[in-house]
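One structure below.
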Amino acid sequence: MSEGDIPSELPKGWARVRLGDILNRIEAGKSYKCEPRPASREEWGVIKVSAMTWGDFDEGENKAVPAGFPFNPEYEIRPGDILLSRANTAAYVGASVLVRKCRPRLLLSDKSLRLIPAEGIDREWLAYLLSSPNIRDQISERATGTKDSMRNISQGALADIECLLPPVEEQRRIVAALEEQLSRLDAASDTLRVSGQRIDRYLQSVLHRMTSAYEPVRLKDVLVSGLTNGRSVPTRAGGFPVLRLTALSDTYVDLAQRKEGDWGEEEAAPFLVQQGDFLIARGNGSLSLVGRGALVADVPTPVAYPDTMIRARLDASKILPGYLRVIWSSLAVRRQIESRARTTAGIHKVNQKILESIEFPLPDLPTQRALCAQWSSTEQQARHLAHTVSVSKRRSAILRRSLLAEAFAGRLVPQDPADEPADALLARVRAEREAAGATKSRRRSPRRAPAQRKRTSDTAPAPDAPPPPRADTPALTAATQPTLDLEIPS
């Protein structure tokens, strides 16, 4: 049995259920015509897709709702809400969070869902369950869309996900055990995060001291020819190779990250990469990755670049390709790119005009060579430290995943025979739903044929109809099924 699988033998007192069985309802957010600027605390804002990662909620990641634009305040996010990312990149679709604190006047977007647990389901337990390996794996399997773009999980698919339900008292024991163990991991993770930030700050400080004394130039001033976009090429087995966007790293282009495209060598010829080319990402869902550049160090076999990249060919009499690789990673360049990038459908983009205007300091060629040699030594030391931090993060993530897997398979805390079994809890939940459904049925007026309605209206005034139930918060019944700080590796 793999780590994320549900055990075939149920722990004592547990029950096999679907998420829809233990939720009162799933509430979908609403789409708003928003302005790109963030909303202040005094105005209504809509949360962005990037606001939610596994276990994290960044209330600063939001957009403003234009004044006078109609909206329903029932979509407002409040502390205690359990939110789930309905539409996101492959790494973050289904990302869930229990909102601990949140500013007022912040609205749920149409790319997010709010999960309302049934009576008797511990809210903290449910939040941990949603981040467990079993749930994450099932969400990944059921999400639709392409792996390289946005993925979606529907309300119906989410409600149909299988899980195990422990007794109420054991839910609370699981939460207590997880909080004790995960708090230690969180403290260690914070230390690793700070260490990583210090390494980045050290590199930026060194780079600034090395280059700040020189006069700035624009990227367009050091090109031998204009910037050029790549070409969009469908996949076809046996076709001419084209790079994937994943080929761009923080340093050099990984030419092994390629696919076979639906074109031939003659069509691909204008888009072939050469040694010394500098490739830049046109767009990305993450603002920190848009405009990232990498250098082509060597081209052992021909390959073209796609429309997701922009190629810069440098004037060797003015700038060393290695120097551009170094200075392009500077904080000053990143600030320019991120401040000028445009956002479309949640994707941050840059174009040739924006990139041509990016400025950076440029010394003469001999000084560039000396700076590149000095930087190489500094970068090597920083890489060694960063590798140590990365290995520790992976170990922490694996331990976190294992703890969650054990907890929701019934192996983290002992079962207590005195606990009321989960079947009794499920029976109460079903009874409450049936009672609520019967109450709604009695309140509805019997349906009459059109002729009957006309005769009644001719003879007597119709009684006031009761208000309709909220359409945006359907109960998860069989009849109406709606259509923690670390990135945990799957």
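The values are calculated or read from the model by the stated rules, or taken from the named source; none is laboratory data. Predicted model, so just to flag it, every value in this text is computed and none were measured. All Cβ positions, even for glycine, are placed from backbone atoms using ideal geometry, and neighbour counts span all protein chains on display.
Which members of segment 412-422 meet the condition of being closer than 17 Å to LEU126 by Cα and of a type outside the set (Val, Ile, Thr)?
In the first step, residues of segment 412-422 are kept if they are closer than 17 Å to LEU126 by Cα; the result is 412-413, 422.
Result: LEU412, ALA422.
Taking the stated definitions as given, is LEU106 buried (at least 19 other Cβ atoms within 10 Å of the Cβ), of a type in the set (A, V, I, L, M, F, W, C), over 29 Å from ARG433 (Cα atoms) and touching a strand residue (DSSP E or B) at 6+ places or on another chain (Cβ under 9 Å)?
It is true that LEU106 is buried (at least 19 other Cβ atoms within 10 Å of the Cβ), of a type in the set (A, V, I, L, M, F, W, C), over 29 Å from ARG433 (Cα atoms) and touching a strand residue (DSSP E or B) at 6+ places or on another chain (Cβ under 9 Å).
Looking only at segment 22-56, count every residue that is buried (at least 16 other Cβ atoms within 10 Å of the Cβ), within 18 Å of the chain's Cα centre (by Cα) and not small (Gly, Ala, Ser) and tell me the total.
7
Name, by its number, the condition in (1) closer than 23 Å to ALA118 by Cα; (2) assigned by TED's automatic domain parsing to the domain that holds TRP54 that does not hold for GLU179.
Going through the list (1) closer than 23 Å to ALA118 by Cα; (2) assigned by TED's automatic domain parsing to the domain that holds TRP54, GLU179 breaks only (2).
From the list ILE153, ILE139, pick out the single residue that is under 26 Å from LEU10 (Cα atoms) and buried (at least 20 other Cβ atoms within 10 Å of the Cβ). I'd like the intermediate steps shown before the answer.
Details: ILE153 fails: under 26 Å from LEU10 (Cα atoms).
Of the residues listed, the single one that is under 26 Å from LEU10 (Cα atoms) and buried (at least 20 other Cβ atoms within 10 Å of the Cβ) is ILE139.
May I ask you to list the residues in segment 344-360 that are closer than 24 Å to GLU215 by Cα and either surrounded by fewer than 17 Cβ atoms within 10 Å (Cβ to Cβ) or among the aliphatic types (A, V, I, L, M) (or both)?
Our first condition is that a residue be closer than 24 Å to GLU215 by Cα; within segment 344-360, this holds for 352-360.
Matches in segment 344-360: LYS353, ILE354, LEU355, GLU356, SER357, ILE358, GLU359.
If we keep just the residues of segment 205-230 that are exposed (fewer than 12 other Cβ atoms within 10 Å of the Cβ) and under 20 Å from THR308 (Cα atoms), which is nearest to the chain's Cα centre (by Cα)?
Applying the filter and picking the extreme gives GLY226.
Would you check if there is a residue in segment 15-35 being over 25 Å from LYS101 (Cα atoms), among the small types (Gly, Ala, Ser) and at pLDDT 90 or above?
Checked against the condition, which is being over 25 Å from LYS101 (Cα atoms), among the small types (Gly, Ala, Ser) and at pLDDT 90 or above, segment 15-35 yields at least one hit.
Within segment 282-296, is there a residue that is surrounded by fewer than 21 Cβ atoms within 10 Å (Cβ to Cβ) and more than 29 Å from the chain's Cα centre (by Cα)?
No, that holds for no residue.
Which members of segment 122-167 meet the condition of being closer than 21 Å to ALA424 by Cα, part of a helix (DSSP H, G or I) and not acidic (Asp, Glu)?
Those that are closer than 21 Å to ALA424 by Cα, part of a helix (DSSP H, G or I) and not acidic (Asp, Glu): ARG123, TRP125, LEU126, LEU129, ALA159.
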